[in-house]
1. Under 7 Å between Cβ atoms, at least 6 apart or on separate chains: pull out the pairs that start in the range 310-328 with a residue that is of a type in the set (Gly, Ala, Ser) and end on any residue that is part of a helix (DSSP H, G or I) and within 8 Å of ligand 2 (Cβ to nearest atom).
2. Taking residue 313 as the residue in question, decide whether it is within 9 Å of ligand 2 (Cβ to nearest atom) and either farther than 23 Å from residue 30 by Cα or more than 18 Å from the chain's Cα centre (by Cα) (or both).
3. Give the residues of the range 96-110 that are within 13 Å of ligand 1 (Cβ to nearest atom), in contact with an Asp or Glu (Cβ under 8 Å, 6 or more places away or on another chain) and either farther than 14 Å from residue 35 by Cα or assigned to a helix (DSSP H, G or I) (or both), sorted by residue number.
4. Of the numbered conditions (1) within 14 Å of ligand 1 (Cβ to nearest atom); (2) in contact (Cβ under 8 Å) with a residue 12 or more places away in the chain; (3) assigned to a helix (DSSP H, G or I), residue 133 satisfies every one except a single condition; which is it?
5. With 56, 117, 101 as the choices, which residue is in contact with a Phe, Trp or Tyr (Cβ under 9 Å, 6 or more places away or on another chain), among the β-branched types (Val, Ile, Thr) and under 19 Å from residue 173 (Cβ atoms)?
6. Look at residue 284 and say whether it is on the phi < 0 side of the Ramachandran plot, more than 13 Å from ligand 2 (Cβ to nearest atom) and of a type in the set (Lys, Arg).
7. For residue 155, which of the numbered conditions (1) surrounded by fewer than 20 Cβ atoms within 10 Å (Cβ to Cβ); (2) within 26 Å of residue 198 (Cα to Cα); (3) in contact with a helix residue (DSSP H, G or I) (Cβ under 7 Å, 6 or more places away or on another chain); (4) in contact (Cβ under 8 Å) with a residue 12 or more places away in the chain fails to hold?
8. Scan 49, 18, 76 and give me the residue that is at pLDDT 95 or above, within 16 Å of ligand 1 (Cβ to nearest atom), loosely packed, with under 14 Cβ neighbours inside 10 Å and polar (S, T, N, Q).
Amino acid sequence: MIQTAVTPFKNKLNSALTKKQITVLQINLGKRCNLACTHCHVEASPKRTEELSPEICDQLIEIIRKFPQIQTVDLTGGAPEMLYGFKPLAEAARATGKEVIVRSNLTIYWEKGFEDIPEYCAKHQLRIIASLPCYQADNVDKMRGSGVFDGSILALQNLNQLGYGKDANLVLDLVYNPQVPTTEKFSLTPEQGKLERDYQVYLAAHFGICFNQLFTITNLPVGRTKFHLEHKKLHQPYLGFLEDNFNPNTVEHLMCRNELSIDYLGNVYDCDFNQMENRPAKTRTGETITVAKLLETGSLDLIQEVQTAAYCYGCTAGSGSSCGGTLI
Ligand code: SF4
Ligand code: SF4
């Protein structure tokens, strides 16, 4: 229904969206989270029970050890810190000299049983990419739940005390997500550099907080964001807006081109959004891929072409968007 009104993403490209050599392994450890944010594309919440099994965790550790081409292991969820496999995967990746990213909601540090996480991350020099969708309390609490802003500020102050955002080996980045649109007055995600300066000035002046970079991430119409857009009859207009702002210069830099996204069952996707939409990655001969198959074939580079859909316009609108912020 939606795709008939929007140009198929493939038709917008001059050539097939091919995969480059895989250098990033993004692992989604599961769907449990201490929060239940309105924009969550994973539809995570405290009630979800899905998480990595010991068997898949062991296979992933084998992959991390076996393939030196992997430069970065990116741990996400849910709240990755509360899910099975977090520490073994982080330690296996650090032991082989890889960068480890933890996508943190910050408030997990205040949950019982997870108070040690900041010290743990500092000890293993894990890079923390933390969600803070606005630097003002009411906007954050509206998107993420009451009290989340205060908890996040305390967590950032704690991380700064440990050296995060200051020590070159303790990188602390923040993520900005716009609010999910509620009217047809759509706008592109704000300019990353300018917003980063605004965040830096405000957080330093009001809370004495410093951080490394700010990443702005466009809301893709996937998961809860899609649900909210459909509820307001804005799904199709939003896709149309994103298509109108398609920027061909972003295509070269799309994150799906050099990453594998793995779900808690060990299935392989081109990115986390495709994972949430159940659109698996395919080999040259059209077969789906699992972590076991990667080990069996001895190659991470089995994919010729990235699987795309209309929501890919979210990654290519304006300056582009990825888990590492704007693309150009
Ligand atoms: S957006 Fe992040 S913090 Fe919020 S519910 Fe989803 S996984 Fe949890
Ligand atoms: S959603 Fe974005 S990252 Fe995923 S396949 Fe589409 S363009 Fe690539």
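1. 310/9; 321/314; 321/315; 322/255; 322/315; 324/255
2. Working: within 9 Å of ligand 2 (Cβ to nearest atom): yes; either farther than 23 Å from residue 30 by Cα or more than 18 Å from the chain's Cα centre (by Cα) (or both): yes.
Judged against the criteria, residue 313 is a match.
3. Listed by number, the residues that qualify are 102, 108, 109.
4. Of (1) within 14 Å of ligand 1 (Cβ to nearest atom); (2) in contact (Cβ under 8 Å) with a residue 12 or more places away in the chain; (3) assigned to a helix (DSSP H, G or I), only one is false for residue 133: (3).
5. Every option except 117 fails the conditions.
6. Numbers: on the phi < 0 side of the Ramachandran plot: yes; more than 13 Å from ligand 2 (Cβ to nearest atom): yes; of a type in the set (Lys, Arg): yes.
So residue 284 fits the description; yes.
7. Checking residue 155 against (1) surrounded by fewer than 20 Cβ atoms within 10 Å (Cβ to Cβ); (2) within 26 Å of residue 198 (Cα to Cα); (3) in contact with a helix residue (DSSP H, G or I) (Cβ under 7 Å, 6 or more places away or on another chain); (4) in contact (Cβ under 8 Å) with a residue 12 or more places away in the chain, the one that fails is (1).
8. Details: 18 fails: within 16 Å of ligand 1 (Cβ to nearest atom); 76 fails: loosely packed, with under 14 Cβ neighbours inside 10 Å.
Just a single option satisfies the conditions, and that option is 49.
The values are calculated or read from the model by the stated rules, or taken from the named source; none is laboratory data. Please read all numbers here as calculations on a predicted model, not as lab measurements. All Cβ positions, glycine included, derive from the backbone under ideal geometry; neighbour counts span all protein chains shown.
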